[in-house]
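Engineer: Before anything else, here's the structure in question.
The values are calculated or read from the model by the stated rules, or taken from the named source; none is laboratory data. Source: prediction; values computed, not measured. FYI the Cβ positions are ideal-geometry reconstructions off the backbone, even for glycines, and counts take in every protein chain you see. Surface areas here come from the heavy atoms of the whole protein model, side chains and all, with no ligands, DNA or RNA. Shrake-Rupley method; radii C 1.70, N 1.55, O 1.52, S 1.80 Å.
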Amino acid sequence: MIRIKRAPDRGYAHFGWLESRHVFSFGSYFDPDWMGISELRVANEDLLQPGAALDPSKHQDLEIISVILDGKNLHTDSLGNRKLLQGRSLQLLSTGTGTEFTEQNASLESSLKMLQFWVIPEKNGNTPRYQSRKLLSREGVQLIISPDGRDDSLQIEQDIEMYQFRLHHKSCGLPEAGNGFLYLLKGELEVNGSILEAGDTILFEDEPFISLRGISKAEGFYFTLP
């Protein structure tokens with residue numbers, strides 16, 4: 001089964017210094033049909049104005065994935081990390097027993113655009129840790145997060161995998177799973193016969209085959225979930 005949420009149907013919040021779009025129910029946005037899928041509970045697109053920062057917050061037993069798309073992000077946390085990541089970067093914060101952190105736009109001139117995904121770990125009480133890496137710059141499909149850290153992927157405390165894809169007039173299949181989630185970041189993409197545009201998302205449940213065809217420089221992310 002496939003369910004599609006179009007970009008204009010996402011939740012929206014505007015605080016002046018921050019614009020946020022929510023695929024799943026988050027904050028004041030509530031959609032009973034989109035509460036998450038499997039252990040993936042949050043999929044937000046955030047735009048921070050120059051110099052703006054997310055308020056420091058403390059979380060535990062969460063795997064927080066941040067994709068820095070454009071701009072400069074300064075990550076600071078209670079583990080002692082202070083990391084400046086520029087566009088096309090990925091970070092994974094395993095909050096474990098408890099971690100306080102903030103994300104800040106390190107530029108006073110340009111906006112910061114990023115995605116955030118929250119995943120429930122397989123077990124509680126893990127040791128907190130921070131990881132980061134650059135994203136794929138060539139065409140194709142690449143594993144970027146996995147439970148075993150293979151192929152230079154970041155290691156997550158859950159039985160999920162996250163892939164990055166960049167396709168231009170090319171087709172490919174994606175790994176099957178009990179559940180899946182696809183986020184189209186840019187371009188136009190055909191997925192099992194359905195056409196997606198930038199900002200559209202798909203939930204897969206017991207779908208035996210997933211086929212992608214890039215129509216115009218399609219780029220996005222795909223999760224396999226238990």
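Engineer: Working carefully through the options LEU74, LEU84, find the one that is within 20 Å of LEU18 (Cβ to Cβ), free of Cβ contacts under 8 Å to residues at least 40 places away in the same chain and open to solvent by 50 Å² or more (accessible area, probe 1.4 Å). Before the answer, list the steps.
Structural biologist: Numbers: LEU74 fails: open to solvent by 50 Å² or more (accessible area, probe 1.4 Å).
Exactly one of LEU74, LEU84 is within 20 Å of LEU18 (Cβ to Cβ), free of Cβ contacts under 8 Å to residues at least 40 places away in the same chain and open to solvent by 50 Å² or more (accessible area, probe 1.4 Å), namely LEU84.
Engineer: For the structure I just gave you, tell me whether GLY27 is surrounded by fewer than 18 Cβ atoms within 10 Å (Cβ to Cβ) and out of contact with any strand residue (DSSP E or B) (no Cβ under 8 Å at 6 or more places or on another chain).
Structural biologist: The answer is no for GLY27.
Engineer: Take region 193-226 and flag every residue that is under 21 Å from the mean Cα position of the chain (by Cα), open to solvent by 10 Å² or more (accessible area, probe 1.4 Å) and among the small types (Gly, Ala, Ser).
Structural biologist: ALA198, SER211
Engineer: Do we have ASP151 as without any contact (Cβ under 8 Å) to a residue 12 or more places away in the chain and farther than 27 Å from GLU100 by Cα here? Please lay out each step first, then the result.
Structural biologist: Details: without any contact (Cβ under 8 Å) to a residue 12 or more places away in the chain: yes; farther than 27 Å from GLU100 by Cα: yes.
Judged against the criteria, ASP151 is a match.
Engineer: Of the numbered conditions (1) within 30 Å of ILE210 (Cα to Cα); (2) out of contact with any Phe, Trp or Tyr (no Cβ under 8 Å at 6 or more places or on another chain); (3) surrounded by fewer than 15 Cβ atoms within 10 Å (Cβ to Cβ), MET35 satisfies every one except a single condition; which is it?
Structural biologist: (2)
Engineer: Quick one: which residue in TYR222, TYR183 is under 20 Å from ALA7 (Cα atoms), modelled with pLDDT of 95 or more and touching a Gly at 6+ places or on another chain (Cβ under 6 Å)? Break it down into steps so the answer makes sense when it comes.
Structural biologist: Numbers: TYR222 fails: touching a Gly at 6+ places or on another chain (Cβ under 6 Å).
Every option except TYR183 fails the conditions.
Engineer: Right, next: If I ask for residues that are open to solvent by 20 Å² or more (accessible area, probe 1.4 Å), outside any loop (DSSP other than H, G, I, E, B) and hydrophobic (A, V, I, L, M, F, W, C), which ones from region 38-59 would you list?
Structural biologist: Step one: of region 38-59, the residues open to solvent by 20 Å² or more (accessible area, probe 1.4 Å) are 38-39, 41, 45, 47, 49-51, 53-59.
Pick out the ones that are also outside any loop (DSSP other than H, G, I, E, B) and you get 41, 45, 47, 53, 57-59.
If the condition is that a residue be open to solvent by 20 Å² or more (accessible area, probe 1.4 Å), outside any loop (DSSP other than H, G, I, E, B) and hydrophobic (A, V, I, L, M, F, W, C), then LEU47, ALA53 are the ones that fit.
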